[in-house]
Ligand code: CAA
C-alpha cells in the first residue's frame, strides 16, 4: 500500500477540514444541547460533493473513492459526529442502488441521493432483529404490480429528513436470510410514516426514528435486485458503512486527543502542567498510538475497496478497532480533564457521549468479531 495521499485526496481533506472548522465546529455544542438537525449544513456539504463520494459523476456522485471519503468524513466527525453519521448513512444509502439498481432506478433515485439533493436512509433493524437481521418480520407481499409492506423499523438514521429509504423486508416466509428482499421506498408512498423520534445520549444533531409501514404501497419496479437478494444487498452496504463508522470514530478520536493534549499543556497542578506528569504522557502516548493504528486499518480497508478487491474482513477490523479504541480514548481524555470533563457544555463531555454508539451501530463489536473470525477461518 502506498501511504502517501494524492494531491486530490489532500485537497479534499483540507477542504473538509476548513468547512468543518468554519461551518460545523462553532455550532456543534449548541446543536447537541438543543437537538438541532442543521439541514442547511447538509446542503452545503452536498454542494461540496460529500453525499455520494463513491458514486460516479454520471449518477450524481463526486467519484472521489473510499480513501477520500474516509478522509473527508474524519474531518466532519472531528467537528461533530452527528453530522458525521448523517453523511455516512447518506453515502451508505447510495451504494445498494448503484450496485444492484436498474438504470431507471439509478436515474430516478441515485442521482438525487448522490448529488445530495435528497437525503437517503437505510432500514434494516427491527425491534426483534438487530444483530440478527435474518429474523426480521417486516413483510412485503406482491399484489398485482405492487408490493404491500407491513412492519416497523427502528433506529433509522436520517428518518425525519430522508425522502428516500432503502427498506429490507421479507418476501418469503421461513426462508431465513434468503427470504429477504430490498426495496426503494419514498416517504410519500401511502402507508409510510415516521414513528418515535428518538432522544439519544449522543449524536444529537442527527435524526434517529422509527419507520412504520402500514400497508405501505411500493411499485413493483422499486424492488432492488431480485427477490431474495435483500440480505446480500444489506451486507454489501454495511461493508462500506463500516468504513464510514471507522472513519467517524477516527475523527472523534483525533478530537479527543487534541482536547486532552491542549488541556494537559495549560492545566497546572503541583506547580507544573499536566503534560509534565508521566501518567498523563502515557495516556497521551496510548491515545496517539491507537489513532495511528486505527487510521492505517481504516485506510487499508478503503484502499481495497477502491481497488475493487474484497474488503469485508478489513472493514470489520477497521470498525472494531477504531470504535473500541475511540471508547478507551474518550475515557482517558475525559480522565485528563478531571471534574471539568464531567460538566455539560464541554467538548470532551459531548465526545464521550457521542463515542458510545460506535461499538454498537452498523454491527456491534461482537458482530465484527464474528465476521473477522469467519473470514479468517473461511467458515
Ligand atoms: N457481502 C455479501 N454477501 C454476504 C456478506 C457480505 N459482507 N456477508 C454475508 N453474505 C452472504 C453469505 O455469503 C451468505 O450467502 P449464501 O446464503 O448464498 O451462502 C448469506 O449472506 C448469509 O450469510 P451468513 O450465514 O454469514 O449470515 P448470518 O445470518 O450468520 O449473519 C452476521 C452474519 C455477520 C451476523 C450478519 O447478520 C450481520 O452483519 N449482522 C449485523 C447487522 C448490522 O450491522 N446491523 C446494523 C444495522 S444499520 C444501523 O446500524 C443503523 C444506521 O443507520 C447507522
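Bear in mind these aren't lab numbers, they're just calculated from the coordinates by the rules spelled out. Quick caveat, the model's predicted, so the values are computed rather than measured. Cβ: placed from backbone, ideal geometry, glycine included. Neighbour counts: every protein chain shown.
See the values below:
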quantity	calculated
Residue list for the range 93-125, filter: under 24 Å from residue 176 (Cβ atoms) and within 18 Å of the chain's Cα centre (by Cα)	95, 96, 122, 123, 124, 125
Number of positions in the range 226-255 that are more than 12 Å from the ligand (Cβ to nearest atom) and closer than 15 Å to residue 98 by Cα	1
Meets criteria (in contact (Cβ under 8 Å) with a residue 40 or more places away in the chain, within 15 Å of residue 119 (Cβ to Cβ), more than 15 Å from the ligand (Cβ to nearest atom) and part of a helix (DSSP H, G or I)) for residue 72	no
Qualifying residues in the range 256-266 (those that are crowded, with 16+ Cβ neighbours inside 10 Å and more than 22 Å from residue 317 (Cβ to Cβ)) - the one farthest from the ligand (Cβ to nearest atom)	264
Subset of the range 110-152 (residues that are more than 16 Å from residue 363 (Cα to Cα) and either within 16 Å of the ligand (Cβ to nearest atom) or assigned to a helix (DSSP H, G or I) (or both))	110, 111, 112, 113, 114, 119, 120, 121, 137, 138, 151, 152
Failed item, numbered, when residue 47 is tested on (1) buried (at least 24 other Cβ atoms within 10 Å of the Cβ); (2) within 20 Å of residue 158 (Cα to Cα)	(1)
Residues (within 22 Å of the chain's Cα centre (by Cα) and without any contact (Cβ under 8 Å) to a residue 24 or more places away in the chain) located in the range 324-351	331, 349
Per-region count, the range 116-139, residues buried (at least 18 other Cβ atoms within 10 Å of the Cβ) and under 30 Å from residue 58 (Cα atoms)	8
The lone exception for residue 304 - which of (1) free of Cβ contacts under 8 Å to residues at least 12 places away in the same chain; (2) within 16 Å of the ligand (Cβ to nearest atom); (3) exposed (fewer than 15 other Cβ atoms within 10 Å of the Cβ) it fails	(3)
Residues of the range 156-182 that turn out to be within 18 Å of residue 146 (Cβ to Cβ) and assigned to a loop (DSSP other than H, G, I, E, B), as a count	2
Conditions (1) surrounded by fewer than 18 Cβ atoms within 10 Å (Cβ to Cβ); (2) not in a helix (DSSP H, G or I); number of the one not met by residue 107	(2)
Which listed residue, of 191, 174, is surrounded by fewer than 23 Cβ atoms within 10 Å (Cβ to Cβ) and free of Cβ contacts under 8 Å to residues at least 12 places away in the same chain	174
Residue within the range 138-145 that is free of Cβ contacts under 8 Å to residues at least 40 places away in the same chain and under 14 Å from residue 165 (Cα atoms) present	no
